[in-house]
Each structure stands twice: as C-alpha cells, then as structure tokens.
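For reference, the structure discussed in these notes is given below.
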Amino acid sequence: MPIIRIIDMGNEGKKFKGAPTIRSDPLRGHMEKKLNEGEQVILFLNRRGFSRSLQCGNCGHVCECRHCAIPLTYHRSEQRLICHICGHQAITPKKCPECQDPSIRFQGYGTEQVEEVLEKVFPQARIARIDTDTMRRKHALRDTLRKFHQRKIDIIIGTQMIAKGLHFPNVTLVGVLNADLGLHVPDFRAGERTFQLLTQVAGRAGRGELEGEVIIQTFTPHSPSIQFARHHDFTGYADQELEFRKQFGYPPYSHCAVLGTRSTHERRAEFTLENLHKRLKADLPAGMVLGEPLPSPLTKAHGQFRFQLMLLGPSARQLSRHINSILAQTPPPDDVTVVFDMDAMGF
C-alpha cells in the first residue's frame with residue numbers, strides 16, 4: 001500500500017497571503033525528488049479547462065452559459081469560454097459584460113492551467129495532459145499511455161480518465177490537487193464517491209517494486225472520506241457511512257426515487273412539480289418519506305429549468321406504483337416533461 005499524506009491547503013494558502021495555490025510546497029518537493037531519481041509522477045484533477053470561471057472584480061458578475069445555470073469554463077487552447085454541460089461557446093470578453101469594468105479575471109484552475117504551471121516549474125520534465133480535450137484524436141490515449149510506459153513522459157496530469165485501470169511500475173508519486181471537488185455537492189453519496197475516487201487514484205502509485213507515495217491536497221483534511229482513504233480503511237469508512245445512511249433512512253436502508261420536471265418556462269416546471277407533490281402527499285402509503293419540491297442542484301440545463309423531489313420507501317415496487325398512479329391521474333402540460341428515476345444514482 002502506498003503511503004498517503006494529507007496537505008491542508010488552508011495552511012498552504014496562508015504562505016501565499018491567501019492566494020489560491022495549485023500545488024503545495026510538499027508536493028513540489030516530492031515531485032522534484034522523484035523526477036531527479038528518474039521516477040514518474042501522476043497528478044489528478046477532475047476539472048478540465050484553464051479556469052473554472054470568469055468574474056468581474058468590480059460588480060461580481062460571472063460569465064454563465066445562456067442555456068445552463070453554470071459558469072462558462074475558460075479554455076486557453078481555444079481562447080473561448082465553454083459550457084461543460086451543453087457545449088455552448090462564447091468569446092472571452094475583455095471587460096465585464098454587465099458594468100463594462102476592465103477588471104474581469106479568471107477564477108479557479110483546471111488541468112490546462114496546471115500543465116502550464118508545471119512547464120514553468122519543471123522546464124526539463126516531459127509533461128502530458130489526459131482529459132477529453134487532449135484525447136479527441138483517434139488512438140491519442142493509447143499513444144500517450146504507451147509513451148508513459150516507455151518512460152518518454154515524466155508527468156501525467158489527468159482527470160477521471162486516469163483514476164483506475166492503469167499499471168505503471170515506475171510511478172512512485174500520485175498527487176491529488178483538489179480532493180474537495182466532488183465532496184461538497186447536494187448528494188448523500190458525495191462522501192462515498194470521494195472515498196472511492198481517492199482510493200482508485202491512490203492505487204496508481206507504487207504498483208511495482210518501488211515504494212509509492214500519495215499526496216492529497218484538501219481544504220477539509222478532517223473529512224471522514226479523506227481520513228479513511230488515507231488509512232486504506234474501507235471497513236471503517238463503510239461502518240460510519242452505513243450508520244449515517246441508517247440514521248436518515250437513505251439507501252441501502254430504503255429505495256430512493258427522484259421525480260423531476262423540465263421546461264423552458266420556469267414557473268410551469270415549478271408549478272407542475274408542486275401539484276404532483278400535493279397529490280403524492282395526499283395519498284402517501286405508510287413507510288414512505290416524501291421530500292419537498294425544490295430546484296435541482298443543476299437548476300437549468302440545455303435551456304430547460306429543472307425541479308425535483310425525492311421519495312424514500314422500503315419497496316421499489318411500491319414507490320413505482322404510487323408515483324405512476326399519480327402521474328396517470330395528473331398528466332403534465334405539453335410544455336413540461338416529467339422524469340422519474342428509481343434508485344437514482346445522481347441528482
């Protein structure tokens with residue numbers, strides 16, 4: 001098992017007067033050591049692009065996709081702002097579209113920016129980036145991994161594409177640049193997914209005779225997902241996670257159904273779900289728990305506003321029967337789509 005070290009990025013940020021840091025001093029030091037010894041490094045960051053958003057320093061305006069309720073990601077290679085949901089592209093403005101102030105600046109970082117920083121910090125290193133932007137060409141992934149296996153590449157920076165299934169005996173250091181990306185999302189499975197991902201990524205280090213090390217950068221070092229992953233303790237994590245699920249009646253102690261509405265008219269989508277909620281509640285079978293109708297975590301996508309509610313129950317068949325019965329009695333308007341996901345794996 002590789003040795004796993006946790007770096008509190010809150011403390012690292014203080015060294016740079018609060019400025020965001022892509023890599024910590026300990027990670028840089030370990031990278032220098034490994035590269036000098038002729039060993040290889042994998043860096044993991046599950047966010048592609050150069051910067052996650054473009055924000056005005058004067059009025060706070062963030063450039064968002066006109067079709068989806070998310071910030072546009074800046075891609076320097078294309079000199080464009082791109083939506084990672086619908087693919088919409090926009091020209092990068094020189095000044096704020098709202099207040100016309102020129103103090104508009106990039107926020108956050110992605111794999112593209114990490115690659116640029118590393119080329120400056122380690123100018124002699126041979127670096128490759130693996131994400132959906134760089135791997136579009138046929139056989140690009142295969143060719144890059146072959147070069148890495150042949151030790152023609154020293155550092156790979158990648159997204160989830162490199163999280164599992166790779167075996168490189170000369171990789172002795174794996175760095176997770178931001179372990180928090182999937183941790184703070186409105187989904188009761190967020191902690192489990194973070195634990196799984198960290199465990200998978202950590203498994204890329206020390207797969208040969210050489211000892212492996214993993215450095216995890218995080219702003220929440222005491223998170224159970226991170227601490228249990230640090231100690232390779234699946235049983236401990238499973239025990240505490242199951243206790244949490246049991247306390248709130250989440251799967252596997254129940255089945256989970258998500259009922260959602262979609263429409264280009266926000267109020268119509270909201271009203272339709274509120275009406276379905278009333279009907280579901282009026283005839284709710286014993287043992288079922290009905291959540292309130294709320295905007296979805298992704299409130300708008302592909303031009304459609306999204307609302308949802310969650311139902312928990314001991315039987316998937318009973319949940320389906322109850323929901324389908326109400327849907328049959330309450331058909332939605334023509335401009336509203338109703339979606340129903342049993343044992344939903346995401347919200």
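Quick note: the coordinates plus some simple rules give every number you see, no bench work behind them. All of these numbers come straight from a predicted model, not from anything done at the bench. Note: ideal-geometry Cβ built from the backbone for every residue, glycine included; neighbour counts use all protein chains shown.
Details
- Two-decimal Rg to Rh for the chain - Kirkwood Rh, Cα set: 1.02
- For the chain, the Cys residues with no second cysteine's beta carbon closer than 4.7 Å are CYS63, CYS86, CYS256.
- ³J(HN,Hα) computed for each position of region 217-232 - Karplus, 6.51 cos²θ - 1.76 cosθ + 1.60, integer Hz, glycine/proline x: 8, 7, 9, 10, x, 9, 4, x, 4, 6, 5, 5, 5, 4, 9, 6
- Length gained when the stretch LYS33-HIS67 is fully extended (0.36 nm per residue, less Cα-Cα span): 7.6 nm
- With Cα atoms defining each centre, region 190-236 and region 44-69 are spaced 28 Å apart in the structure.
- Rounded to the nearest whole Hz, the Karplus-based 3J(HN,Hα) values (6.51 cos²θ - 1.76 cosθ + 1.60, θ = phi - 60°) of region 143-156 follow the sequence 5, 5, 5, 5, 4, 5, 5, 7, 6, 8, 10, 8, 10, 10, with x at glycine and proline.
- Between the Cα long axis of helix 190-202 and the first principal axis of the chain there is an angle of about 20°, rounded to the nearest 10.
- Across region 296-310, computed HN-Hα scalar couplings (Karplus, 6.51 cos²θ - 1.76 cosθ + 1.60, θ = phi - 60°) run 5, x, 9, 6, 8, 8, 6, x, 10, 6, 10, 10, 7, 9, 10 Hz from first to last residue, x flagging Gly and Pro.
- Ordering 198-205, 132-139 by mean Cβ neighbour count within 10 Å, with the highest value first, yields 198-205, 132-139.
- Database remark: amide H of ARG129 closer than 5 angstrom to the amide H of ILE157 (H placed geometrically; neighbours at sequence offset of 5 or more, or on other chains; Pro and chain starts carry no H).
- When the listed pairs LYS120/LYS152; LYS164/LYS300; LYS34/LYS138 are checked against a 28 Å cut-off, the alpha-carbon distance exceeds it for LYS164/LYS300; LYS34/LYS138.
- Long-range amide H partners of HIS255 with built H, under 5 Å: GLY313, SER315
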